[in-house]
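Shown next, in structure tokens, is the structure this report addresses.
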Amino acid sequence: MLCRREFLCYDSGVDHDEERRLRSRIMHRLADAAAVSPTGALSRDELSSFDVDGQRWRLIDRARGIWNPQALAATLSIVSSPDGPYDDEAITGGLFRYDYRSGSTAGDNTKLRRAFELDLPLILLRKVSRASYVPTVPVYIVADDPLGCQVYIALDESLRFLRDPMHPSEQEQRYAQRVARQRLHQPAFRARVLRAYEVRCCVCTLRHGNLLDAAHITPDSVAGSSTSVTNGLSLSKIHHAAFDGHMLGISPDYEVRVAERLLDEVDGPMLQHGLKEMNGRTLALPSKPDEHPDRERLAERFERFHDVA
């Protein structure tokens, strides 16, 4: 196992500053594009011809998970797919394990390992549907395991400087796991949920993606939570806050309920039209039945709503 602190780049005399600057421009532009996307995801077509300062760049391979542009010294992007053939997963310690392309350490893996040697940033693309990906940028390879045919990826720049990335302290591990939730799991969960609900609030049908959240039915801080679409609801930000604050509940029969204390309150148009008038409405559900909210999870959450409301 090679770790960043143990590795000395054998061609450290080569100037790769221009490539670093180019990668930085690409990744800043990619982060901006994801921020204005309704779901936070970008299509394969968008990633295949991406504009950076008036120049078109391919940011994803046509068929494989590792993209090695000929003009660059190392891998530019990697794709992680929940239904792919490799065992990529977030691991204890908050690092993301990414498997080499099968075969050997050569081929596509040469430039992947080169990104580690040169300490160059990469794009991690998390597949959330057939041709839709959520980018995480920048990410860095902090350890290389040629015997296990895998690399370990820090999902945030700060994690590159841990004392020992493969053996973090308890405090470092908690921080790294929080970073993994924020940068890896939550954006992918949001993209999958908003796609399922066709980018609309399931309570009021608002369709402005930047005003929508993916709310967990069973909170992600609770044992037994899940990142499945069936544990999610597409909610406007006000309805998400009301749902989390037990001012708005959703029955296992998919009916919206507003807390009695709010129904009796007089406060102006936002309360009246934004919340009180939602009482008794039926959820706007995903078109696919297997993506409908889990009724058992809703029943547990609805019971809590009644206890508090």
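Taking amide H positions as placed in the peptide plane 1.01 Å from N, state which residues far from V142 in sequence (5 or more) or on other chains have amide H under 5 Å from it.
Answer set, sorted by chain and number: Y152, I153, A154.
Taking the chain as a Gaussian network, where each spring joins two C-alpha atoms under 10 Å apart, which residue of P269, P286, P138 fluctuates the most?
P269
Of all the C-alpha pairs in segment 145-184, what % are more than 15 Å from each other?
Tail of P(r) above 15 Å: 42 percent of Cα pairs.
Computed over the Cα atoms of segment 197-243, what is the ratio Rg over Rh, Rh following Kirkwood?
0.98
Given Cβ point charges of +1 (Lys, Arg) and -1 (Asp, Glu) and nothing else, what value in debye, to the nearest 20, does the dipole of the chain about its Cα centre take?
Here the chain has a charge dipole of around 600 debye.
Remind me, relative contact order of segment 200-308 in percent, using alpha carbon pairs under 8 angstrom and six or more residues apart?
With pairs under 8 Å counted, the relative contact order is 31 percent.
Tell me the trypsin sites (Lys or Arg not before Pro) within segment 126-213 that lie in a loop according to DSSP and have at most 10 other beta-carbon atoms within 10 Å.
R130, R163
Take the chain, connect every pair of alpha-carbon atoms lying under 10 Å apart with a spring to form a Gaussian network, then pick out the residue of L30, L271, L206 with the largest mean-square fluctuation.
L271
How big is the equivalent ellipsoid of segment 200-308 along its three axes, where each semi-axis is √(5λ) from the Cα gyration tensor, reported in whole Å from largest to smallest?
21, 16, 12
Kindly give the semi-axes, whole Å and largest first, of the ellipsoid equivalent to segment 146-252, taking each as the square root of 5 times a Cα gyration tensor eigenvalue.
33, 15, 13
Which translational diffusion coefficient, to the nearest whole µm²/s, is obtained for segment 2-191 from the Stokes-Einstein equation, given a Kirkwood hydrodynamic radius over C-alpha pairs, 25 °C and 0.890 mPa s?
D, rounded to a whole number, is 146 µm²/s.
Would you mind telling me which residue in Y197, Y140, Y175 has the biggest mean-square fluctuation in a Gaussian network model of the chain, where springs connect alpha carbons within a distance under 10 angstrom?
Evaluated over the chain, the most mobile residue of the options is Y175.
Values quoted throughout were computed directly from the atomic coordinates according to the rules given, and no laboratory measurement underlies them. Quick caveat, the model's predicted, so the values are computed rather than measured. Every residue, glycine among them, receives a Cβ derived from its backbone with ideal geometry; neighbour counts consider all protein chains shown.
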